[in-house]
Amino acid sequence: MFKGVLIEKDDAGYRASVKTLDEAQLPEGNVTVRVSHSTLNYKDGLAITGKGPVVRTFPMVPGIDLVGVVEDSTHPEYKAGDAVVLNGWGVGEVHWGGLAQKARLNGDWLVPLPAAFTPQQAMAIGTAGYTAMLCVLALERHGVQPGDGEILVTGAAGGVGSVAIAVLAKLGYTVVAATGRTQDADYLKALGAAEVVDRALFSSPGKPLGKERWAGAVDVVGSHVLANVCATTKYRGVVAACGLAAGMDLPATVAPFILRGVTLAGVDSVMCPRADRLLAWQRLASDLDLAKLGQISREVGLAEAIPLADSLLRGEVRGRIVVDVNR
Ligand code: NDP
């Protein structure tokens, strides 16, 4: 038997609670993992509260991230005792996830825990941090370099935003942080932001083109914010878009793309191929200051993750939440 958060949906409604589960209930998979830590991402917030259609089958153990030790494996690359990390692949959505003391998974989804990180640090990074790195890699792939000018990071005080700022600053970029929490300017500057701007500057319907400012951007917000970011990106600049914190819509025109050669680079972490995942984790090991990771994250127990899901969706959680599933 093991403890886990279970999401149920039936005539009594949609609810999440900590339950004692039987190993026989675990889904199919060729690797069983004794989970030590999971995290709370935006998508986990949607799953736990039911505010977004993230969970496709019920009952479901949420948690799109986990770190732990292999207990049992028939996968050729993993044996008992190996430390592993999982991010995405529909885990916590269609396959039981990380917010539990045990998980059974397809070994192809796992990556070895990088030697540079403790289990807690790997989860302080989690999907949010690994996605931030995928965004940085997208900027690089499209030719953005530190000398090109300012890089805007939206949703700056959230999980993806916080890690993106820390990584970009360490790589030598001049980072401008857009946030609804300007009172957290000291936190954002400590992570490496050169300037903090109010997200209200980007939140209303804007013009097709504005004054050129950004050499690149990492956007987690979508909607008018993404449209305004594209409209103010410099000639041949690059915008890496990964999120929808303000909405899934994109009320933009093609003007930035056809008149300024701006690139809108989409970033997905869930189905991201293994080679790109390994590269992202390798780059996090070299390009993320671990001391900053301590400022970005805090740890909670399994039961605390449930009420925090709602706070996270309201934009009240700063940085990253690590969940100790054995607490
Ligand atoms: P967080 O909740 O930690 O951060 C989101 C941040 O967005 C908030 O902290 C807030 O930042 C800002 N925000 C929230 N609501 C609004 C709003 N209505 N208007 C403008 N800004 C808002 O989430 P994550 O960092 O974990 O994820 C961010 C987004 O990225 C989510 O939409 C998530 O689904 C997406 N994502 C996508 C992935 C992919 O594979 N494509 C992977 C990981 C995340 P502030 O207070 O600083 O303004």
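Computed from the coordinates by the stated procedures, all read-outs in this text should not be read as laboratory data. Every value quoted in this text rests on a predicted model; they were computed, and no experiment measured them. Note that each Cβ is placed from the backbone with ideal geometry, even for glycine, and that neighbours are counted across all protein chains shown.
Structure notes:
- Qualifying trypsin sites (Lys or Arg not before Pro) in region 191-221, where qualification requires a DSSP coil assignment and no more than 13 other C-beta atoms within 10 Å, comprise K211.
- Exposed-site-free run, longest, the chain (rule: GluC sites (Glu not before Pro); DSSP loop; at most 16 other C-beta within 10 Å): 78-211
- Phi to ³J(HN,Hα) by Karplus 6.51 cos²θ - 1.76 cosθ + 1.60 over region 131-136, Hz, x for Gly, Pro: 5, 4, 5, 4, 5, 4
- Convex hull volume per residue for the chain, taking Cα atoms only, in Å³: 123 Å³
- Listed cross-link partners K207/K292; K102/K189; K3/K79 are compared with a 32 Å cut-off, the Cα-Cα value being larger for K207/K292; K102/K189.
- Potential extension, L259-A116 segment - 0.36 nm per residue separation minus Cα distance: 47.1 nm
- Candidates K292, K43, K207: whichever shows maximal mean-square fluctuation once the chain is modelled as a Gaussian network with Cα springs under 10 Å: K207
- A simple count of charges around V91, restricted to other residues whose Cβ falls under 14 Å of its Cβ and scoring Lys, Arg +1 and Asp, Glu -1, yields 0.
- Compactness index (Cα Rg / 2.2 N^0.38 Å), region 199-327: 1.27
- Gaussian network model of the chain, springs between alpha carbon atoms under 10 Å - residue of A138, A47, A12 with greatest fluctuation: A12
- Counting only lysines at least 8 places from K51 when in the same chain, those with an alpha carbon closer than 18 Å to its own are K9, K43.
- Inter-part distance where region 142-180 and region 212-232 are each reduced to a Cα centre, Å: 12 Å
- Result for the chain in a Gaussian network model with C-alpha springs under 10 Å: among C230, C272, C135, the largest mean-square fluctuation is at C272.
- Once the Cα gyration tensor of region 148-245 is diagonalised, semi-axes √(5λ) in Å: 19, 15, 11
- A crude spin-label estimate for the pair K51 and E195, with each label 7 Å from Cα along the Cβ direction, gives 3.1 nm.
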